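Trainee: The structure follows.
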Amino acid sequence: MTASDLPASDRPRAARLKSLVVPGLAALVALAILLTLGTWQLNRLAWKTGLIAQVEERSRATPVPLPSRAAWATMSAERDEYRRVSVSGRFRHEAEAYLFHVAGDSRQADRNRPSGQGYFVLTPLVLADGSSVIVNRGFVPTDRRDPASRREGLPEGPVTVTGLVRFPEARGTFAAVDDTARRIFYTRDVAAIARAQGLEATATAPFSVDADATPVAGGWPVGGETRLSFTNRHLEYAVTWYGLALTLVGVFVVFARQRLRGR
C-alpha cells in the first residue's frame, strides 16, 4: 500500500499542507482581484464625489461672460464643463437642429416641467465677431419640433443667453443613427451638428451652451433641462467587493482546517 492509498486522516501533515498549495494560490489570486476591485470603487467614489461638488459649484455660480473665440481652443471639459456663462448674439432659427431627449420621469417633483419624448432645440447663436455658439434652447415635445408650431418663441433681435457650458459626449454603442438630412441627432456631437447646420468649423465653438429656465415667449422651448444629478453607488459597490473578499477568506480558512484535519 502506498501513501496515496491511505485515508486522508492517515497521511502525513506535510502532505496535507502540500495539498493546500494549489487552492491557496487560487484563493490568493481571487482575493487580490476582489481587493483591487474594492479599492478601485473607493477611488471612483472619491472622483465622483469631487465631480458632484464641482458641478454643483459651477452650475450655481454667478454667470460670467463666455470666453472670446481666441480662448475656445484652451477650454476643456475638465475645467469648463457645466460652467455658468452668459453670451449675446442673434439666433439663426432657420438652422435649428434637434437632439432626441426624454424629459422628466414618473418621480419628478415638479409636475409643471415637461415629460415624455421630444427634442432639445439646438440653435446657432451668431456673435458680434461672426462666430457661432450652438445653444440648446430647451425641450419641445415631438409635436412642437416644427418651428411653425412655436413662432412666438423665435426671437429675431439680439438676445442674451445664460446657461451651462456642455462639451460633446461619446457616442454610445447602441445609439441610433443620426438623421442629418432632417438635422435630428441622438448624440451631443457638436462637430456633426455644426456641419448639418452649415456652420463653418473654425468659426464655431467646440462646445454648446444649455440655456437656463428663463421663460420663452409662447412657452416653447422649455429651458433649464440640464440633468445635474449623477448616480453614485460606488460605496455600495466597494462594500460588496470587500464583503466578497472577507467571505472568501472565511471560506478558505474553514476549507483549510478541514483539509488539515484529514476530512
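Trainee: Yes or no: VAL161 modelled with pLDDT of 95 or more and under 18 Å from GLU81 (Cβ atoms)? I'd like the intermediate steps shown before the answer.
Mentor: Values: modelled with pLDDT of 95 or more: yes; under 18 Å from GLU81 (Cβ atoms): yes.
It is true that VAL161 is modelled with pLDDT of 95 or more and under 18 Å from GLU81 (Cβ atoms).
Trainee: Considering only residues that are assigned to a helix (DSSP H, G or I), surrounded by 14 or more Cβ atoms within 10 Å (Cβ to Cβ), at pLDDT 80 or above and out of contact with any Phe, Trp or Tyr (no Cβ under 8 Å at 6 or more places or on another chain), which ones fall in region 1-43?
Mentor: ALA30, LEU31, ILE33, TRP40, LEU42
Trainee: If we scan region 62-70, do we find a residue that is assigned to a helix (DSSP H, G or I) and either within 22 Å of ASN232 (Cα to Cα) or at pLDDT 90 or above (or both)?
Mentor: So in region 62-70, the residues assigned to a helix (DSSP H, G or I) come out as 69-70.
Now narrow it down to the ones that are either within 22 Å of ASN232 (Cα to Cα) or at pLDDT 90 or above (or both): 69-70.
Within region 62-70, one or more residues are assigned to a helix (DSSP H, G or I) and either within 22 Å of ASN232 (Cα to Cα) or at pLDDT 90 or above (or both).
Trainee: So the check is Cβ under 8 Å with 6+ separation or different chains; which pairs have a first residue in region 88-102 that's without any contact (Cβ under 8 Å) to a residue 40 or more places away in the chain and a second one that's surrounded by fewer than 17 Cβ atoms within 10 Å (Cβ to Cβ)?
Mentor: VAL102/GLY116; VAL102/GLN117
Trainee: Which residue out of PHE174, PHE185 is modelled with pLDDT under 95 and either out of contact with any His (no Cβ under 6 Å at 6 or more places or on another chain) or within 13 Å of ALA97 (Cα to Cα) (or both)?
Mentor: Numbers: PHE185 fails: modelled with pLDDT under 95.
Result: PHE174 is the single residue among PHE174, PHE185 that is modelled with pLDDT under 95 and either out of contact with any His (no Cβ under 6 Å at 6 or more places or on another chain) or within 13 Å of ALA97 (Cα to Cα) (or both).
Trainee: Residue under question is LEU235, and the condition is that it be assigned to a helix (DSSP H, G or I) and open to solvent by 90 Å² or more (accessible area, probe 1.4 Å); does it hold?
Mentor: Considered against the rule, which asks whether it is assigned to a helix (DSSP H, G or I) and open to solvent by 90 Å² or more (accessible area, probe 1.4 Å), LEU235 comes out as yes.
The values are calculated or read from the model by the stated rules, or taken from the named source; none is laboratory data. No experiment lies behind these values; they were computed from the predicted model shown. A quick note on method: Cβ atoms are made from the backbone with ideal geometry, for glycine too, and the neighbour counts reach across all protein chains shown. To get the accessible areas, we keep the full protein, side chains included, count just its heavy atoms, and leave off ligands, DNA and RNA. Shrake-Rupley method; radii C 1.70, N 1.55, O 1.52, S 1.80 Å.
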